[in-house]
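Structure record follows, encoded as structure tokens.
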Amino acid sequence: MTRELHTLVCLKVVPKSEEVGVDRETNTLDRANARSEINPPDMNALEAALALKDRFGGRVSLMSMGPPFVIPTLRVGLAMGADHAYLLSDRAFGGADTLATSLTLARAIEKLGDVDLVLCGEESSDGATAQVPPGIATWMDVPQATYAMDVDFEPGQRHLVVTREVRDGEEVLDVPLPAVVSVKVSCNEPRFMDAARFALLDSEASVTTWTADDLGVDPEHLGLAGSPTSVAGLKEAAQASGRRREMVSGTPEEEGRILYDRIVEFLRGAGARGQEAPG
Amino acid sequence: MTTPVREVLLLDDDRWDRVLLATKGEAAACYQCGTCTATCPWGLVAGASIGVRSVMRRAQLGIDGWAEAVWRCTTCGACEQQCPHQVPISDVMLGLRSLAWEERGVPHGLSSVLWDMHWDGNPWGRPPSARSAWAAGLDIPRFDATKHAVLLYVGCTASYDRRGQKIARAVVSVLRSAGISFGTLGDEEPCCGDPARSLGNEAYFDRIAQANTKKLAVENATEVVAVSPHCYDTFTRYPGAGQAFNVRHYSQLLRDLVAEGKVSFAGVEPSTVTFHDPCYLARHHDETEAPRTIMAAIPGVSLAEMERSREETLCCGGGGGRMWMETLPEDRFATARAREAAGTGASYLVTTCPHCISCLEDGASVAGARDLKVMDLAELAVLAGIGDTAPTEASQ
Amino acid sequence: MIDPAYSPQEARGIWVFLEHDAGVLAPVSLELLAKARELATESGAELAGLLVGGDLSALEATTARLDLDRVVSVAHPLLTQFTAEAYAHAVDQVIRQQKPDIFLLGATAYGRDLAGRLAVMLRTGLTADCTDLALEAATGLLLGEVSGFGGGVLATIRCEQHRPQMATVRPGVFPEPAAVDRAAATIDRPAVDVPAAKCPVKVVARHRKTGVDISRAERLVVAGAGARGEMPSIEALAQALGAEIGATRVAVDEGWAERERQIGQTGVIARPKLALVWGASGASQFTCGIDQAEMVVAVNQDPEAAIFESADICIVDEVAPVVKALVAELKSRGGVE
């Protein structure tokens, strides 16, 4: 590397999953009482970036798409050791599916101009599509390595060695930079933040906010307008309100039989829809 | 004759500076007598001694090599109590831990505990909205300084741990039976910060202490009573402790009530009871009499002391953040302690700390002490039918 | 709106990506094919299976006998080993030529990688990890049911103006098809251009799963103190369910399972879909290790056991007879995929 490594970590501030419900009257998401957190796999992505910075130097930037109220949560990432944060905030970004979201992030990353590596969590706890990292990579026309458990870097060469999880085991990829890598949740333990730094952080100085105008993307490609998919319906899943605590009793044989039925039903994905179990 | 191999240790001034700063130079007074190593309960368990003396020496010289020992320390204080030069050994251990946080050399799993405190307000990773679930049906009022004499501080373990919740309910029962007006902060109750302090993250603990001191001021809470000795100890370290507010462990409040004749007990079936002094009462706060005064007032209780009692209590193994670390079965002090308790012939092992209860129940199980029932002092008080002033029938 | 690669009016047919490794088709591809056959029958669409790889001669023969109408076989030396960039480059060409209406892939690492890149290249909608698929009555549009917020919320997604309508589906969601006996379907072999420049990533090594790592297990059978003496049944149950074995601290201390299988605060934080917990009291240091499971079944003979607070299905009974009964059910009524 003739210049320092600049890693950009995409962070999403999400509501705590267990605190999100569905408004039964309007069938829309109710996240009014849900606390915010950094999407857990993104914490692992940030830890991976900081570990690379520990070993090889360079800079770590954070990027997040969301409303201004996420800024205090972004400060957590800065207190962990990131150098600067970019917030993409504009009503025009709202309602975006993964196509529009990954486009917005990709154009913002390209605007920075000197990003070598984009690190993301494998998926976000809310939508859980895992599509944004490959989406960013494709919009940027760079290679990707998803579900990474380990990211190693060869100083002096512009490539990564990534160990990732696949269907029947794992594979090791040689990935030229620039690239997008998504990491498996819990692939590392995110370092605790510097509490003193957190208290002193000045958001003005450390967080740059960009709007749609700053990115110069065709507004038809942003937000709801730029989203080929739409939500046709929404409902609360059966087990959303804490654990069901359904008591099953009888003779051990009866209990075994009922358990078998419940397990098969669940594995078929029918648990939430109450479909009859086959067999 | 072969030349003996000598290990050359190069003293690094920068390293020495960092270690000195982290430990506030408190290891300086150590003159290497080794009493600490001899006293440390780690010496009791199978083949593992943490070499306290060696850690102090390394801290004086700024030479690394203390990592394992530093994380095993339960901050029980047995060593510093015996130290002829009053070296604050626990503080040196915590200082070295704080250095480990700065240098990212902390054992796996501990960052997650602090993240749980940050995101969820408790080290167990449980939601804040479930913090007062233990109190369902008890109608405990939200603390109001204009109405309540005492702010009852429940703590994370008594709030969320199933066994700890029974202690919380017993303490509530005791306070009500004694006619004390109190309230809690409900789901808003913040973590006292003890796990941050015990795990050595000084910076995080300082922030929590400042925030909680402000919270107490906003609530106008001047009398705080804690269920756990660890929370009690932690509150005494806040800015404002002893001035803006007073804090006591519940056993101290109960002792006062007993001594003043304001409560009495109906009694229990004649039982032999032994008492395990929590380190954070007996040694860190010189409090050994409160529980004994209370038990002496309970008809039917016959106290059979263990040899290692009062200031010489044997640590249960749960302090110093050890509740969030793994201790192999052969290394658990609580097993030896449970055997010691069973050896007194007691049918009840009474203590007054949620961590001690947890460790000792595990210890009794591993030691096979089936006839030994581990109980919190508040649970004993409830069993003994505590009531205000006049003796009453045994109550729930 | 962002311009689609081709319009709904031009789009025809349902395609299923037939993932394979070492000459064997991935089970999820077969499951998807069966579901796609249902959808194709409903709408009268043609059903095609898409094969991509290096040398596909053997696989072509196998797939041509599956319940589909046509095999689209895309072979190129640089496609011998899956990489997302190369596969997407090739498949993008074929899709633009043949314009399928619906394209389904298994939600495996490869499937999601390929789908994720293709959706952007084709500027189309992709619905991830569907737990069900259906066709909208009025419009014939594909409806994908997905869950979010850790499984707490179910949504139905549709893609109206863009093609192909893409969706990935988790393994085990749809049942495997019964075998069919049929004459071989047509095999088309469109040519694709795959320059080396479009294959920047190299696969340096591949390893099959070995060693004990229960953190990735989708299904867990957990032994607690109450499972004393029942490890053989626990192991049989795990085997029948394709599950990993986990253990509480007590079980590990007793030597019934390796320490790598310990679940909880000082062990593994698992994220299984299904956890069957046998004889564990449910102390918080343990439950934090399975709290993220989608479904928890708990069996314990103590009705006061804390584990019941953290379970969807609760059985107050001794572990031994119940685990034996469940194993017997699995033997007699067939295992689960």
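The values are calculated or read from the model by the stated rules, or taken from the named source; none is laboratory data. If you're wondering where the values come from, they're calculated on a predicted model, not measured in any experiment. When we count neighbours, we look across all protein chains shown, and the Cβ atoms used for this are built from the backbone with ideal geometry, even at glycine.
Some observations on this one:
- Meets criteria (outside any loop (DSSP other than H, G, I, E, B) and more than 28 Å from B:VAL106 (Cα to Cα)) for A:LEU224: no
- Residue within the stretch A:211-230 that is surrounded by fewer than 19 Cβ atoms within 10 Å (Cβ to Cβ), in contact with a Lys or Arg (Cβ under 7 Å, 6 or more places away or on another chain), outside the structural domain of A:SER102 (by TED's automatic domain parsing) and at pLDDT 90 or above present: yes
- If you go through the stretch C:237-282 and keep only what is over 22 Å from A:SER186 (Cα atoms) and either in a loop (DSSP other than H, G, I, E, B) or not assigned by TED's automatic domain parsing to the domain that holds C:PHE308 (or both), you end up with C:GLY242, C:GLU254, C:GLY255, C:TRP256, C:ALA257, C:GLY279, C:ALA280, C:SER281, C:GLY282.
- Residue in the stretch B:95-115 that is at pLDDT 95 or above, crowded, with 16+ Cβ neighbours inside 10 Å and among the hydroxyl-bearing types (Ser, Thr, Tyr) present: yes
- Filtered residue count, the stretch B:182-220, keeping only those that are part of a helix (DSSP H, G or I), small (Gly, Ala, Ser) and either buried (at least 19 other Cβ atoms within 10 Å of the Cβ) or out of contact with any Gly (no Cβ under 8 Å at 6 or more places or on another chain) (or both): 6
- Qualifying residue in the stretch B:306-317 (condition: at pLDDT 95 or above and farther than 24 Å from B:THR39 by Cβ): no
- Across the stretch C:283-301, the number of residues qualifying as in contact (Cβ under 8 Å) with a residue 24 or more places away in the chain, farther than 20 Å from B:PRO354 by Cβ and part of a loop (DSSP other than H, G, I, E, B) comes to 6.
- Per this entry, C:GLN81 is counted among residues that are more than 30 Å from A:LEU29 (Cβ to Cβ) and more than 7 Å from chain A (Cβ to nearest Cβ).
- Matching option when the condition is at pLDDT 80 or above, under 30 Å from A:GLU236 (Cα atoms), under 17 Å from the mean Cα position of the chain (by Cα) and not charged (D, E, K, R), among A:LEU11, A:LEU46: A:LEU11
- Residues of the stretch C:213-236 classified as of a type outside the set (Lys, Arg), surrounded by fewer than 19 Cβ atoms within 10 Å (Cβ to Cβ), more than 14 Å from chain A (Cβ to nearest Cβ) and assigned to a loop (DSSP other than H, G, I, E, B), total: 1
- From A:ALA85, A:ALA92, residue being surrounded by 21 or more Cβ atoms within 10 Å (Cβ to Cβ), touching a residue at least 40 places away in the same chain (Cβ under 8 Å) and in contact with a Leu (Cβ under 6 Å, 6 or more places away or on another chain): A:ALA85
- For the stretch B:156-183, the set of residues classified as within 14 Å of chain C (Cβ to nearest Cβ) and in contact (Cβ under 8 Å) with a residue 60 or more places away in the chain consists of B:THR157, B:ALA158, B:ASP161, B:ARG163, B:GLY164, B:LYS166, listed by residue number.
- Any hit, the stretch B:214-225, residues being at pLDDT 95 or above and within 14 Å of chain A (Cβ to nearest Cβ): yes
- Considering only residues in the stretch C:302-337 that are facing another protein chain (nearest Cβ under 7 Å) and touching a residue at least 60 places away in the same chain (Cβ under 8 Å), the one that is surrounded by the fewest Cβ atoms within 10 Å (Cβ to Cβ) turns out to be C:VAL336.
- Number of residues in the stretch C:20-37 that are surrounded by fewer than 21 Cβ atoms within 10 Å (Cβ to Cβ), within 12 Å of chain A (Cβ to nearest Cβ) and assigned to a helix (DSSP H, G or I): the value is 1.
- Residues being within 14 Å of another protein chain (Cβ to nearest Cβ) and either surrounded by fewer than 21 Cβ atoms within 10 Å (Cβ to Cβ) or closer than 20 Å to B:ARG176 by Cβ (or both) - total across the stretch B:122-148: 8
- A single entry from C:ARG70, C:ARG123, C:ARG96 fulfils the requirement of being farther than 26 Å from A:THR98 by Cβ and not acidic (Asp, Glu): C:ARG70.
- In the condition set (1) at positive phi; (2) in contact with a Leu (Cβ under 9 Å, 6 or more places away or on another chain), C:GLU42 is compliant with all but (1).
- Filtered residue count, the stretch A:182-229, keeping only those that are within 22 Å of the chain's Cα centre (by Cα), within 27 Å of A:LEU50 (Cβ to Cβ) and within 11 Å of another protein chain (Cβ to nearest Cβ): 11
- Some residue of the stretch C:163-178 being over 21 Å from A:LYS235 (Cα atoms), surrounded by fewer than 21 Cβ atoms within 10 Å (Cβ to Cβ) and at the interface with chain A (Cβ under 8 Å from one of its Cβ atoms): yes
- Subset of the stretch B:321-355 that is within 16 Å of B:ASP376 (Cβ to Cβ), out of contact with any Cys (no Cβ under 9 Å at 6 or more places or on another chain) and part of a loop (DSSP other than H, G, I, E, B) - its residue that is farthest from the other protein chains (Cβ to nearest Cβ): B:ALA346
- Hits in the stretch B:242-255 - residues which are assigned to a strand (DSSP E or B) and either within 18 Å of the chain's Cα centre (by Cα) or buried (at least 23 other Cβ atoms within 10 Å of the Cβ) (or both): B:VAL247, B:ARG248, B:HIS249
- Residue within the stretch A:263-277 that is modelled with pLDDT of 90 or more and either more than 8 Å from every other protein chain (Cβ to nearest Cβ) or surrounded by fewer than 15 Cβ atoms within 10 Å (Cβ to Cβ) (or both) present: no
- The single condition among (1) surrounded by fewer than 21 Cβ atoms within 10 Å (Cβ to Cβ); (2) at the interface with chain A (Cβ under 8 Å from one of its Cβ atoms) that C:GLY255 does not satisfy is (2).
- Taken over the stretch B:57-101, residues that are small (Gly, Ala, Ser), in contact (Cβ under 8 Å) with a residue 60 or more places away in the chain and more than 14 Å from B:THR37 (Cβ to Cβ) amount to 5.
- Which numbered condition C:VAL268 fails, given (1) within 23 Å of the chain's Cα centre (by Cα); (2) more than 14 Å from chain B (Cβ to nearest Cβ); (3) of a type outside the set (Asp, Glu): (2)
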